[in-house]
Amino acid sequence: MSGNVVRLLRQNETVSKRRSNKLFDAGSATGAGYRLTWEEAVNLFIQARRAETSSDDTIKFERNSLKCYQRILEEQDIEPDIYDISIDLLRNKFVMFMVEKKGYKLNTINNRIKAIKRFFTFLHEEGWIPDNPAAHLKTRKGHQPTIPSFTEEQVVALFKQPDQNTFTGFRDFVMLSLILDTGLRVGEMIKLKTSQVDIKDSQLLGVIGKSKKPRDIPFCDDVRKLLIRYIKARGDVPSQYFFVTLHGRQLGVRTFQDTLHQYGKDAGITNVRVSPHTLRHTFAKMYILQDGDPYSLQDILGHTSQDMVKKYVNLWRPEMKSKHEKSSPMRHLYKERLL
């Protein structure tokens with residue numbers, strides 16, 4: 001953080017210290033009465049987050065959340081600040097403003113609350129503020145939005161769309177199969193390198209997601225056979241990336257998203273967003289319904305906590321109950337008149 005602090009000092013103060021030949025001790029800045037501006041605090045936080053995650057989307061979300069917080073305060077003629085902040089201000093001027101004036105959905109509100117909590121927690125832990133005003137700020141309770149996923153029939157219809165007689169069509173089919181079998185994020189899949197695809201042991205090696213923690217992800221034998229066929233079709237191209245275009249270049253995220261969206265239209269899927277992330281949710285759903293345990297699911301998906309996995313389990317509990325009815329040992333014994 002020390003180097004960042006030096007760069008983040010107001011320009012005139014930095015120039016003045018340099019010209020007077022005074023050495024600025026960045027490590028003691030927090031205890032020397034130096035007060036960060038709102039912009040400096042935001043920049044410090046964003047730089048710290050960049051060191052923690054490789055996801056551009058995460059960084060973009062954090063920045064947008066802080067901009068949202070700033071706009072909400074400014075709309076009420078409150079200057080954003082990191083020092084004169086109370087829990088009452090956060091609750092009444094931030095959270096309730098989103099609820100009553102903005103009409104944001106529950107999920108949006110809670111995501112903004114979590115972001116502002118991360119921001120003030122960082123400032124407190126780094127010693128920039130004596131107390132954390134967001135320490136006791138809680139997320140709102142209410143009806144949780146449905147996590148979108150495909151039905152089995154929709155998956156089958158979707159997978160029928162790529163023309164497997166062409167290179168691009170077969171490549172798309174393999175990518176769809178890999179997401180459904182491993183729950184990969186689209187960014188993780190696009191960044192896959194040929195060296196990470198271990199055909200012998202049927203796993204993807206060192207996949208790095210939002211947490212920046214490498215993880216190995218297994219895939220089934222059917223997908224292994226598809227990957228072998230794709231490797232032959234791909235041929236020897238200079239690109240280090242596994243999934244490539246007709247010209248041998250890395251496939252873009254937007255290109256695949258747009259292609260998948262069109263496949264969804266062609267398949268007649270209308271009641272759910274057709275996207276790679278919906279397919280990822282579908283993997284989680286089918287994994288749970290096929291008796292996969294939550295702990296291995298957490299590792300495969302690359303989640304740092306069980307929070308999202310618990311949402312999956314709770315959301316699809318009714319379907320699990322139906323599955324239990326069909327496979328219950330006691331029901332089988334009674335049905336066969338063995339008891």
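Nothing in this text is a laboratory measurement; each read-out follows from the coordinates by a stated rule. Computed from a predicted structure; not experimentally measured. Here the Cβ is made from the backbone with ideal geometry for all residues, glycine too, and neighbour counts use every protein chain on show.
Data table
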quantity: Overall form of segment 118-189 per C-alpha gyration tensor (a/c, 1.5; a/b vs b/c); calculated: oblate
quantity: Cα gyration tensor category, rounded, prolate or oblate, for segment 34-79 with a/c compared to 1.5; calculated: oblate
quantity: Rounded to whole Hz, the Karplus (6.51, -1.76, 1.60) HN-Hα couplings of segment 74-87, x for glycine and proline; calculated: 5, 5, 9, 6, 10, 6, x, 8, 10, 9, 8, 10, 10, 4
quantity: Where labels lie 7 Å past Cα in the beta-carbon direction, separation of N165 and R249 in nm; calculated: 2.9 nm
quantity: 27 Å Cα-Cα threshold exceeded, pairs from K117/K212; K101/K265; K212/K232; calculated: K101/K265; K212/K232
quantity: Full-extension gain in nm, N111 to V99, via 0.36 nm per residue minus C-alpha separation; calculated: 3.0 nm
quantity: Other-chain or far-sequence residues with amide H under 5 Å of F219's (modelled H); calculated: Q203, L204
quantity: Segments 273-281, 103-111 sorted - mean Cβ within 10 Å per residue, highest first; calculated: 273-281, 103-111
quantity: Segment 35-125 shape via C-alpha gyration tensor axes, a/c threshold 1.5; calculated: oblate
